[in-house]
Each structure stands twice: as structure tokens, then as C-alpha cells.
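Enquirer: Once you've had a glance at the structure underneath, I'll fire off some questions.
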Amino acid sequence: MFPDIKEAEKADPDNPNDCYIFMGNKGEKKPTVMHFPLFNNVNCKGPDGIQEYRKEFSTRTFDYTEESFSKLIDAAKANVQNNIDLITEQIENLVTGNGK
């Protein structure tokens, strides 16, 4: 089972944020899930940039140049770096029992 996702968090799939936290519930055995869309409105600079990334990195592409692979890794690193405080806060809350 996964945590519930609020409608507001699904509102704009073509212009997603760089981090979503879906709070779990221990009583319902639902984990807290952190989701980092690789192509998002922060590292792609809005909807047009997101579409460019989606075209370049189609899910049907299995081979990437070293340059393309580095671009993907850099985007993933940026997502974590941009959200490190939020990630740390959520982990601390879950470990100390302040999370759900």
C-alpha cells in the first residue's frame, strides 16, 4: 500500500515540482514516499524545458551517450541538492516519531 496522493499534487503533470512528500501512516502500514521527478519545473526551467528533456530522454531510449548520461545524473543530483533540507527534515521526523 502507498500513501494517498492529494488532488493538488496531481494537478499539473506537465509542470511538476522537483519534490513531493507523500506522508505515510503506520497504522495503515503505508510508508512515507519521497518522489523526485527527474524532469521538473526547477531543473528544466518550466514546461517547455520539461518537454525538451522528455523528447531527448524518451522511455524508449536504451542507449545514451556519455554526455547524455551525465546530463541525467546531474539532474538527479540537483534534485537531491535542491531538497536536502526537506529530505533531512522528513527523515528526522520519521526517526524521532514526529512523522505519521
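Enquirer: Express the relative contact order of region 1-61 as a whole percentage, based on alpha carbon pairs under 8 Å and six or more residues apart in sequence.
Expert: Value for region 1-61: 31 percent.
Enquirer: Given an 8 Å cut-off on Cα distances and at least 6 residues of separation, report the relative contact order of region 10-100 as a percent.
Expert: 27
Enquirer: Enter the angle in degrees (range 0 to 90, nearest 10) between the Cα long axis of helix 84-96 and the first principal axis of the Cα atoms of the chain, meaning the one along which they spread out most.
Expert: 30
Enquirer: Among 83, 41, 25, which one shows the highest mean-square fluctuation when the chain is modelled as a Gaussian network with alpha-carbon springs under 10 Å?
Expert: Of 83, 41, 25, the most mobile in the Gaussian network model is 25.
Enquirer: When the dipole is taken about the Cα centre of region 1-72, and only Lys, Arg (+1) and Asp, Glu (-1) are charged at their Cβ, what size is it in debye, to the nearest 20?
Expert: 340
Enquirer: Using a 1.4 Å probe over the heavy atoms of the protein chains, calculate the carbon and sulfur portion of the accessible area of the chain as a whole percent.
Expert: Roughly 53 percent of what the probe reaches on the chain is carbon or sulfur.
Enquirer: Could you point to the residue in 15, 38, 98 farthest towards the positive end of the chain's charge dipole, with +1 and -1 charges on the Cβ of Lys/Arg and Asp/Glu respectively?
Expert: 98
Enquirer: Would you grab the residues whose amide H sits under 5 Å from the one on residue 25? Only those 5+ places off in sequence or on another chain, please, with H modelled 1.01 Å from N.
Expert: Here the answer is 30, since their amide H atoms fall under 5 Å of that of residue 25.
Enquirer: Any aspartates and glutamates with Cα under 20 Å of the residue 10 Cα? List them, leaving off those in the same chain fewer than 8 positions away.
Expert: 18, 48
Enquirer: Tabulate in residue order the Karplus-calculated ³J(HN,Hα) for region 15-24, using 6.51 cos²θ - 1.76 cosθ + 1.60 with θ = phi - 60°, rounded to whole Hz; enter x for Gly and Pro.
Expert: Result, rounded to whole Hz: 8, x, 5, 8, 7, 10, 10, 9, 6, x.
Enquirer: Give me, ordered by chain and number, the residues 5 or more places off residue 18 or on other chains with an amide H under 5 Å from its own placed amide H.
Expert: For residue 18, whose amide H was placed from the backbone, the distant partners under 5 Å are 41, 42.
Enquirer: Can you give the three extents of the C-alpha atoms in the chain along their principal axes, from longest to shortest, in whole Å?
Expert: Here the spans come out as 45, 25, 24 Å, largest first.
Enquirer: Separate question: So, for the chain, what is the accessible surface per residue at a probe of 1.4 Å, expressed in square angstrom?
Expert: Details: 7270 Å² over 100 residues.
That works out to 73 Å² per residue.
Enquirer: Could you tell me how many degrees, from 0 to 90 and to the nearest 10, lie between the Cα long axis of helix 66-82 and the main elongation axis, the longest principal axis, of the Cα atoms of the chain?
Expert: 30
Enquirer: Setting aside same-chain residues fewer than 8 positions from residue 30, which lysines have a Cα under 17 Å from its Cα?
Expert: Within the straight-line limit of under 17 Å, residue 30 reaches these lysines: 6, 100.
Enquirer: While we're looking at this one, here's another question. Residue by residue through region 33-47, what is 3J(HN,Hα) from phi via Karplus (6.51 cos²θ - 1.76 cosθ + 1.60, θ = phi - 60°)? Round to whole Hz and write x for glycine and proline.
Expert: 10, 9, 10, 10, x, 5, 9, 9, 6, 8, 7, 10, 6, x, x
Enquirer: Report, in whole Å, the centroid distance computed from the Cα atoms of region 29-78 and region 1-26.
Expert: Each part's Cα centre sits 17 Å from the other's.
The values are calculated or read from the model by the stated rules, or taken from the named source; none is laboratory data. Not measured: the values here are computed from a predicted model. Glycine also receives a Cβ, built like all others from the backbone with ideal geometry; neighbour counts cover every protein chain displayed. Heads up: the accessible areas ignore ligands, DNA and RNA and are worked out on the full protein's heavy atoms, side chains in. Shrake-Rupley method; radii C 1.70, N 1.55, O 1.52, S 1.80 Å.
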